[in-house]
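Visitor: Before I ask anything, let me first share the structure, which is written out below as structure tokens.
Please treat every number below as a calculation from the coordinates, not as lab data. These numbers were taken from a predicted model, which means no experiment stands behind them. Reconstructed Cβ throughout: ideal geometry from the backbone, glycine too, with neighbour counts over all protein chains shown.
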Amino acid sequence: MTYILKPQLHHPNLKTNDLGKTRRDYEGSVSTLCAGCGHDSISAAIIQAAFELSLPPHRVAKLSGIGCSSKTPDYFLGNSHGFNTVHGRMPSVLTGANLANRDLIYLGVSGDGDSASIGFGQFAHAVRRGVNMTYIVENNGVYGLTKGQFSATSDKGSKSKKGVVNHDSAIDLVSVALQLGATFVARSFSGDKDQLVPLIKAALSHKGSAFIDCISPCIQFNNHAGSTKSFDYVREHNEAVNRLDYVVGRDPIEVDYEPGTNTLVTQHDGSVLNLHKLAAHYDPTDRIAAMTYLQQRQAAGEVVTGLLYVDPTAEDLHENLETTSTPLNSLGTADLVPGSAALARINAGLR
Amino acid sequence: MRSLESTNDFVVKFANVNGSGSASANSMFAKSILRMGVPVAARNIFPSNIQGLPTWYEVRITGDGHLGRRGGVDLMVAMNPQTWDRDLAEIEPGGYLFYDSTKAMPPTKFREDITVVGVPLTRMCNEAYSVPRERQLFKNIIYVGALAALLNIELAVIETLLAEQFAGKDRVIKANVEALHMGANYVTTNLEPLGLRVERADKVGDRIYVEGNQAAALGAVYGGATVCAWYPITPSTSVAEAFTSYCEEFRTDPETGKARYAIVQAEDEIASIGMVVGAGWNGARAFTCTSGPGISLMQEFVGLSYFAEIPAVIFDVQRGGPSTGMPTRTQQSDLLSAAYASHGDTKHVMLLPMDPGECFEMGALAFDLSDRLQTTIFVMLDLDIGMNEWLTKPFSWDDSRSLDRGKVMSFEDLESGREFGRYLEVDGDGIPYRTYPGVHPTRGGYFTRGTSRNPYARYSEEGSVYVDNVQRLLRKFETAKSLVPAPIRHDAKAATRTGVIYYGSTTPAMDEALQSLAAQGLNLNAMRVRGFPFAQEVMDFIAEHDRVFVVEQNRDAQLRTLIMTEGDIDPAKLIAVLHYDGTPITARFIVSAISGLLQAGVREAAE
């Protein structure tokens, strides 16, 4: 969070997208996170994804809770409305915002403390309601802003910077999201932009609750030997199940895949997810298989990344509530107030 | 022994077992008297239970229109053996006991100073019906029929009510009418009418009979609420339920069948208010309904709404508690926790309805005020208003009224180059302008934070910036004084230096008490407060009097504390009159407390 705005001047030959915007138009204020923080890489990936998707920045609402990760929405999409809410309660605020206007794109950014500890309940309920959103947890397994306490995603047996061993079982948000009915579940790594950017693009175009657990090492408090969320550890144990190409629906689908190693998934909005399979037999449209696979690899000490599950036919909360297609926040007096004649009928029934 | 004799002025109390189906029969009893043009005030006293525990229903028949609880019982309908002894003890000397005489009771189970009326209800049911459920349900209708005959209530009126309730189910209507007559016939054949009588009158007028929660929910519909997020909690649940049913009726798009509203039962009260704040931030009118424990849980978000200046409406139906039990009893005990909810320097606008009529009005007004003031508005009901049917003036609506969305900058405003600073003082009233997310591609976007930002919503940790902002919030609160409903003053017929201040459901008991006190020669000027922050008139009223009683339904004199704090009033001047056992306050209580205090004061002055 900073009052330092980035200079607006940019190189005249910067690449533009379909809206004629450059990548710079998707940036925000200068980050105040520690130099080298994984979270800044995620912000950069969000900027890249929004730019490549040609999203009108002002049609994105970005919401967060409290913590290092929750500061980041100030650092991307500077023209968008943002809301730094209450610790652990971003999911409910995002849900309410989404109810008010179904036409915006909702991006929730949270951390492992914000979503797996104080906000575990709200995370779970927003996911199970099928709120149409992209929900990114910038997961570093540690409380950064309060200087190094374990979070609920810290692995059992991992060591804090001070050498304390964590004895509590870790919450694996990906497994939880799968069980709760999230219709898009992915895990990635802040240091793997090639994997992360297409995942964010696919999540943003997914209708329903799209969840990305993004491991994001804390270079100050959780990047040492004994940590299971350090750059070195994640690189060594990363088991990617697939690589994603995101293809906008209107583009011709040209894929350079060999038969048997790719999966094509068409989402509601016509966009196509072209998955280069890395793990044999991995089917990202089979929720139960995904859960089983995750547990197996986790037991083997691997961190599975990639698009783990997607239901391309998912429905969202608005469909369940059967709300009108006009955003509720734009309905006026005539749409909402039944008037005196209706009141006279009500009065007559109460005598 | 002299039996009580009274026409159109007595109290009937029904002692029942919860879950026995008595509620609708008892309600019909009360409504039949209303239909005869005689005002009633009926109150449920119910347990935290679905089946088995004792429950009572108290009906005050009041030709003079006193809608507060009177206290005391003239006719006890004792249908619950569990509570027999205490029910019997509650009957006024000379009063009446109605009971099921199927099983003989020893004389020691009765009192000598009351009239005992026995009707063998169980035997009559067992002879007439074979299905256990029928025996249970028709017993209730049989005793209503018997009571009608005893009290001179017109059977035709009850028959009409049955026909309305079971419209389209002729067989059910017929069976109920038969049961009704079975009870009435037993009385005319075997018993004498009581000294308590209902006589047809014309004292109800065009008033309606409705619960405050239902009225508040209708107010939310008329106030343009589109998002409701809530968590079940007695006594507020029926607000959300009524809102749901009114929305289904009035807010379904006639062409598409789609909903012009969204109602979410949240996982808890924190999520409820979070959704409300999110929807308010995004330009929809949103509310939650809750009670004291919910207010406790919502504190953090209410503070965020205050500082980030986001509209929200909370209907707080106050009650006793914690635990289960007292939460089904009434209190006015959340005033302070609502007024100063949350961490940091915060204070919040409250509307204080006295009856369902005002629940509707203030329920609708709350949404205009929340948009106008960009903050949380509390509507403070209580269980007595919320969950009991009250006789109240009919709902009315001015069709020329449109929703006041407050200071919102549109696409055109932004496009015209008008300066936008989300927290910028522009008009001198402390209220800044806001934009809805997504309104303009390049202008009007901002990052919302509770504090730590300048008038243009950019990050700042400067102390002076913080101070300027919270001073502006105080100016906004000052603006609110002229927007909340003004207090209502009633002066005594004779000049007096003694005043009384009260609010909400205390009002009918207070009105009646003022009449009784005046009859004793004790004159008080009265002021009913209807909103917080308090208007200057409230402080002027206190200044005009030597002493002012503050009558309210909690232990800690919360309204008195609020007045003292906000008006910088000498505590010695404000005398607390407090009622907090969970039953609604009565005129008898107020009269006894105030006359006692006044006489003690007179003695003190004389000594």
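Visitor: If you place +1 on the Cβ of every Lys and Arg, -1 on the Cβ of every Asp and Glu, and leave all else neutral, what size is the dipole of segment A:164-257 about its Cα centre, to the nearest 20 Debye?
Guide: Rounded to the nearest 20 debye, it is 300 debye.
Visitor: When we measure straight from the Cα of B:K103, which lysines land under 24 angstrom away, once same-chain ones fewer than 8 places off are left out?
Guide: The reachable lysines, counting only those whose Cα sits under 24 Å from B:K103, are B:K13, B:K139.
Visitor: Given q = 0.08, 0.11 Å⁻¹, what are the Debye log10 I(q)/I(0) values for the protein assembly as shown, with equal point scatterers placed on the Cα positions and solvent ignored?
Guide: Result of the Debye calculation: -0.85, -1.25.
Visitor: Can I ask one more? Straight-line reach only, C-alpha to C-alpha below 24 angstrom: list the lysines that A:K207 could link to, leaving out same-chain residues fewer than 8 apart.
Guide: Candidates past the 8-residue exclusion: A:K62, A:K193, A:K277, B:K258.
Visitor: Angle, helix B:155-165 long axis vs. longest principal axis of chain B, Cα atoms, 0 to 90°, nearest 10?
Guide: The helix B:155-165 is inclined about 40 degrees to chain B.
Visitor: Just in segment A:219-251: which trypsin sites (Lys or Arg not before Pro) are loop by DSSP and have at most 11 other Cβ atoms within 10 Å?
Guide: The qualifying sites are A:R250.
Visitor: If you find the alpha carbon centre of segment B:47-85 and of segment B:342-377, how far apart are they in angstrom?
Guide: Segment B:47-85 and segment B:342-377 have Cα centres separated by 33 Å.
Visitor: If the label point is 7 Å along Cα→Cβ of B:F166, which residues in segment B:28-46 have backbone nitrogen under 16 Å from it?
Guide: Residues passing the 16 Å test: B:28-29.
Visitor: Let me know the volume per residue of the alpha-carbon convex hull for chain B, in Å³.
Guide: Expressed per residue, the convex hull around the Cα atoms of chain B is 185 Å³.
Visitor: Counting only other chains, what is the mean number of Cβ atoms within 10 angstrom of the Cβ of each residue in peptide A:317-330?
Guide: The per-residue average across the peptide is 6.
Visitor: What is the helix-to-structure angle for B:463-481, meaning the angle in degrees between its Cα long axis and the longest Cα principal axis of chain B, kept from 0 to 90 and rounded to the nearest 10?
Guide: For helix B:463-481, the angle is close to 40 degrees.
Visitor: Among B:M380, A:S325, B:S245, which residue has its Cα positioned farthest towards the positive end of the charge dipole of the protein assembly as shown, with +1 placed on the Cβ of Lys and Arg, -1 on the Cβ of Asp and Glu, and the dipole taken about the Cα centre?
Guide: Looking along the dipole axis, the top candidate is B:M380.
Visitor: Going by how many other beta carbons lie within 10 Å of each one, how would you line up A:V60, B:V131, B:V73, fewest first?
Guide: Least crowded to most crowded, the residues run B:V131, B:V73, A:V60.
Visitor: Additional query: Relative to the compact globular guide of 2.2 N^0.38 Å, what is the alpha carbon radius of gyration of chain A, as a ratio?
Guide: This ratio for chain A stands at 1.04.
Visitor: Farthest toward the dipole's positive end in chain B, which of B:L578, B:I61, B:N469, given Cβ charges of +1 (Lys, Arg) and -1 (Asp, Glu) about the Cα centre?
Guide: Checking the options against the dipole of chain B, the answer is B:I61.
Visitor: Sort B:384-390, B:242-248, B:159-165 by the packing proxy (mean of other Cβ within 10 Å over each peptide's residues), most packed first.
Guide: Peptide ranking by packing, descending: B:384-390, B:242-248, B:159-165.
Visitor: Sorted by packing (mean other beta-carbon atoms within 10 Å per residue), highest first, where do B:35-41, B:518-524 land?
Guide: B:35-41, B:518-524
Visitor: Something else: Hey, how many Å between the Cα centroid of segment A:20-62 and the Cα centroid of segment B:527-570?
Guide: Between the Cα centres of segment A:20-62 and segment B:527-570 lies a distance of 54 Å.
Visitor: Could you give the size of the charge dipole of segment A:23-320 about its Cα centre, using +1 on the Cβ of each K and R and -1 on the Cβ of each D and E, expressed in debye and rounded to the nearest 20?
Guide: It works out to roughly 880 debye.
Visitor: Residues of A:74-83, mean number of Cβ from any other protein chain within 10 Å of their own Cβ, rounded to a whole number?
Guide: Counting Cβ atoms of other protein chains within 10 Å of each residue's Cβ and averaging gives 5.
Visitor: Considering the dipole of the protein assembly as shown built from charges on the beta carbon (Lys and Arg +1, Asp and Glu -1) around the Cα centre, which of A:A341, A:Y293, A:V164 is farthest to its positive end?
Guide: A:V164
Visitor: Helix B:132-151: angle to the longest alpha-carbon principal axis of chain B, degrees 0 to 90, nearest 10?
Guide: 80 degrees
Visitor: Okay, moving on. Can you give the convex hull volume per residue for the Cα atoms of segment B:520-600, as a whole number of Å³?
Guide: 107 Å³
Visitor: Here's a follow-up. Checking the cross-link filter: which aspartates and glutamates have an alpha carbon closer than 14 Å to that of B:K407, excluding same-chain neighbours under 8 positions apart?
Guide: Answer for B:K407, where 14 Å is the Cα cut-off: B:E309, B:D368, B:D371, B:E419, B:E425, B:D427, B:D429, listed by chain and number.
Visitor: Next question, about the same structure. How long are the three semi-axes of the equivalent ellipsoid of segment A:92-186, in whole Å, if each is the root of 5 times an eigenvalue of the C-alpha gyration tensor, listed from largest down?
Guide: For segment A:92-186, the semi-axes come out at 28, 14, 9 Å.
Visitor: Using the Karplus equation 6.51 cos²θ - 1.76 cosθ + 1.60 (θ = phi - 60°), what ³J(HN,Hα) coupling, rounded to whole Hz, does each residue of segment B:89-96 give in order, writing x for Gly and Pro?
Guide: 5, 7, 5, 5, x, x, x, 10
Visitor: Averaged across B:252-262, how many Cβ atoms of other chains sit within 10 Å of each residue's Cβ atom?
Guide: Taking all residues of B:252-262 together, the mean is 5.
Visitor: Moving on to the next point. Which value, in nm² and rounded to one decimal, describes the direction-averaged projected area of the C-alpha convex hull of segment B:1-141?
Guide: 9.0 nm²
Visitor: If you place +1 on the Cβ of every Lys and Arg and -1 on the Cβ of every Asp and Glu, how big does the dipole about the Cα centre of the protein assembly as shown come out, in debye to the nearest 20?
Guide: So the dipole magnitude of the protein assembly as shown works out to roughly 560 debye.
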